[in-house]
């Protein structure tokens, strides 16, 4: 039986009069690959912000690796995020004045210690060793996203969290990124991906559908 | 276990941000460099003004008159001691004067023997019709005797230590003149090289070389007074006077207060003006850096949000931005020091007609000031980092 890595208990998030998430209950085991889908305004981003320790719920609790993070302050959330979460963004968000390898080393630097050799190995795993000394502007969208994945993985996070990771990629690069997710999943990495793209959503082991801030479907796709 | 160095990577990030984003930061560097240029230039001028202005004031005549104590005269040895005591680097001119009564056409006049070269340095404001040289005739005398440039005139007098004989009232003019040419008397024909107009007492004197006068009157060097033009403000002049009184007791120095006080007043006002401009420039630089840093933080919201999303604490992101500020201050400050020297040199050459010395101490001082200004101006913009929420800024589209 896999260890429970994430648990959302009766989680709600309210912005003024808007209830972005309403009484969400969700469990994710270590090594799971979960996709979160739903139309715009369904609460996907709010959910990923809560799981990624970038926000706290209005009510309920978010338990990450056994720790209830819903009552933590901003500084504490930053530390937890640094140690346990690897973030992948739709717009890559690479630092424009740092090379690919330096962008990976930034995550090491904030976590503990920059190590170029290890950063190069991470780039090699996503097939970008040869492009390590290039600036983001010299890389294609797919290459930038692979740097972003290498950066997210460099500190061995407990959860790899993707917010529309293929949203800005063409079909070919989308395929490359999905293949990387497949390999990571096979290596036991826990992956949670928010996506609009059914092709990306469908390859996950489990898919949940959000509508109006509520989980309306939870599909086990590994069967 | 990771092998690496946090400091090295920090420097790499800070320098990378400046070097690879140079076009964005050029305005900030320019603002700092211009500020540093004006600051270091004005400070250079501030410290150079006393000397430059002191030299300018020296063109208004001697500022220290040295007299012998009692009835004694000043010997060449004492003059040389005085020169050594004051120091040649401070002396613009030092002219000894020996006054002697002579007769021209049986009328008494005063001839002043002096070092004409030094007198010229002391008194560049004298208007000389003709040229400086042996001999100069005061405008008043030239008018009375109807002397023009190149004219010769005869001076007569009693040699040093000899008794003058009164003109015999029952003798003719020719007989009196013959008597004046006797052994105890001297006479010499002088040529008018220049006519002196000063609007002062000098117009009633004849000026000649002191050594020639000594030879003519048959005596060794004995000066009645020494006029000194010294580069010094009122306090320095007072210190020099005290030193002279202490070390050469046979002399009594008298500072020309009118000149030294005017010099101090003008100097004080000029220095206050320079100080005021410097403060204004520093404030303007600070405002420029502040607005540039504000724009920089706003422009880099995503990058800052990303760093925070990756786990960077506020203080770590802030330290990077301050690091960039420090580096900007160093680059702008360092370039400003050298541009400032060039600026001060041009000002000095145009205003005072003289170059200035490079103040090496200005390099660390200017850099330190501009690093401090940049850091101070960055405090509010950098604190904006705390208001940046990664979840809001990095939201996908």
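The values are calculated or read from the model by the stated rules, or taken from the named source; none is laboratory data. Note that this is a predicted model, so its numbers are computed, not measured. Cβ coordinates were reconstructed from backbone atoms using ideal geometry, including for glycine residues, and neighbour counts include every protein chain displayed.
Tabulated values for the structure
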{"item": "Scope region B:257-276; condition in contact (Cβ under 8 Å) with a residue 12 or more places away in the chain and either exposed (fewer than 15 other Cβ atoms within 10 Å of the Cβ) or at positive phi (or both); matching residues", "result": "B:257, B:261, B:262, B:266, B:275"}
{"item": "Residue within region A:109-120 that is assigned to a loop (DSSP other than H, G, I, E, B) and crowded, with 18+ Cβ neighbours inside 10 Å present", "result": "yes"}
{"item": "Flag for residue A:169 being within 27 Å of residue A:38 (Cα to Cα), surrounded by fewer than 23 Cβ atoms within 10 Å (Cβ to Cβ) and more than 9 Å from every other protein chain (Cβ to nearest Cβ)", "result": "no"}
{"item": "Any hit, region A:56-67, residues being touching a helix residue (DSSP H, G or I) at 6+ places or on another chain (Cβ under 8 Å), within 23 Å of residue B:14 (Cβ to Cβ) and within 13 Å of chain B (Cβ to nearest Cβ)", "result": "no"}
{"item": "Filtered residues of region B:78-112 (kept if closer than 20 Å to residue B:231 by Cβ, without any contact (Cβ under 8 Å) to a residue 12 or more places away in the chain and touching a strand residue (DSSP E or B) at 6+ places or on another chain (Cβ under 7 Å))", "result": "B:83"}
{"item": "Entirely in region A:2-89, the strands (runs of 3 or more DSSP E) that have 3 or more residues that are more than 26 Å from residue B:305 (Cα to Cα) and at pLDDT 90 or above", "result": "A:4-15, A:18-29"}
{"item": "Residue ID - surrounded by the most Cβ atoms within 10 Å (Cβ to Cβ), chosen from residues in region B:125-154 that are touching a helix residue (DSSP H, G or I) at 6+ places or on another chain (Cβ under 8 Å) and over 17 Å from residue B:203 (Cβ atoms)", "result": "B:133"}
{"item": "Residue that is nearest to the chain's Cα centre (by Cα), among those in region B:217-239 that are in a loop (DSSP other than H, G, I, E, B) and more than 19 Å from residue B:265 (Cα to Cα)", "result": "B:224"}
{"item": "Qualifying residue in region B:365-385 (condition: surrounded by 18 or more Cβ atoms within 10 Å (Cβ to Cβ), in a helix (DSSP H, G or I) and within 14 Å of another protein chain (Cβ to nearest Cβ))", "result": "yes"}
{"item": "Qualifying residue in region B:1-9 (condition: outside any helix (DSSP H, G or I), more than 8 Å from every other protein chain (Cβ to nearest Cβ) and either over 33 Å from the mean Cα position of the chain (by Cα) or surrounded by 14 or more Cβ atoms within 10 Å (Cβ to Cβ) (or both))", "result": "yes"}
{"item": "Residues of region A:126-149 classified as part of a helix (DSSP H, G or I) and away from chain B (no Cβ under 11 Å), total", "result": "12"}
{"item": "Residues being touching a helix residue (DSSP H, G or I) at 6+ places or on another chain (Cβ under 7 Å), part of a loop (DSSP other than H, G, I, E, B) and under 23 Å from residue A:46 (Cα atoms) - total across region A:155-168", "result": "5"}
{"item": "Residue in region B:370-381 that is more than 31 Å from the chain's Cα centre (by Cα), more than 17 Å from residue B:330 (Cβ to Cβ) and in contact (Cβ under 8 Å) with a residue 40 or more places away in the chain present", "result": "yes"}
{"item": "All positions within region B:285-314 that are part of a helix (DSSP H, G or I) and farther than 14 Å from residue B:378 by Cα", "result": "B:299, B:301, B:302, B:303, B:304, B:305, B:306, B:307, B:308, B:309, B:314"}
{"item": "Residue match in region B:317-325 (condition: touching a helix residue (DSSP H, G or I) at 6+ places or on another chain (Cβ under 8 Å) and away from chain A (no Cβ under 14 Å))", "result": "yes"}
{"item": "Some residue of region A:104-125 being in contact with a strand residue (DSSP E or B) (Cβ under 9 Å, 6 or more places away or on another chain), within 8 Å of chain B (Cβ to nearest Cβ), touching a residue at least 12 places away in the same chain (Cβ under 8 Å) and more than 24 Å from residue A:30 (Cα to Cα)", "result": "no"}
{"item": "Which listed residue, of A:98, A:94, is buried (at least 19 other Cβ atoms within 10 Å of the Cβ), more than 7 Å from chain B (Cβ to nearest Cβ) and outside any helix (DSSP H, G or I)", "result": "A:94"}
{"item": "Residue A:73, sole failed condition from (1) facing chain B (nearest Cβ under 8 Å); (2) more than 19 Å from the chain's Cα centre (by Cα)", "result": "(1)"}
{"item": "Filtered residues of region A:26-55 (kept if in contact with a helix residue (DSSP H, G or I) (Cβ under 9 Å, 6 or more places away or on another chain) and surrounded by fewer than 18 Cβ atoms within 10 Å (Cβ to Cβ))", "result": "A:31"}
{"item": "Strands (runs of 3 or more DSSP E) wholly inside region B:118-160 that include at least 2 residues being closer than 27 Å to residue B:63 by Cα", "result": "B:127-130, B:136-138"}
{"item": "Selection count, region B:309-358, where residues are closer than 30 Å to residue B:52 by Cβ and surrounded by fewer than 22 Cβ atoms within 10 Å (Cβ to Cβ)", "result": "21"}
{"item": "Scope region A:200-218; condition touching a helix residue (DSSP H, G or I) at 6+ places or on another chain (Cβ under 7 Å) and part of a helix (DSSP H, G or I); matching residues", "result": "A:200, A:203"}
{"item": "Verdict on residue A:152 being within 14 Å of another protein chain (Cβ to nearest Cβ), touching a helix residue (DSSP H, G or I) at 6+ places or on another chain (Cβ under 8 Å) and surrounded by 15 or more Cβ atoms within 10 Å (Cβ to Cβ)", "result": "yes"}
{"item": "Residue in region B:48-68 that is modelled with pLDDT of 85 or more, surrounded by fewer than 22 Cβ atoms within 10 Å (Cβ to Cβ) and under 17 Å from residue B:221 (Cα atoms) present", "result": "yes"}
{"item": "In region A:183-201, the residues that are over 12 Å from residue A:44 (Cβ atoms) and surrounded by 14 or more Cβ atoms within 10 Å (Cβ to Cβ)", "result": "A:184, A:185, A:189, A:190, A:191, A:197, A:200"}
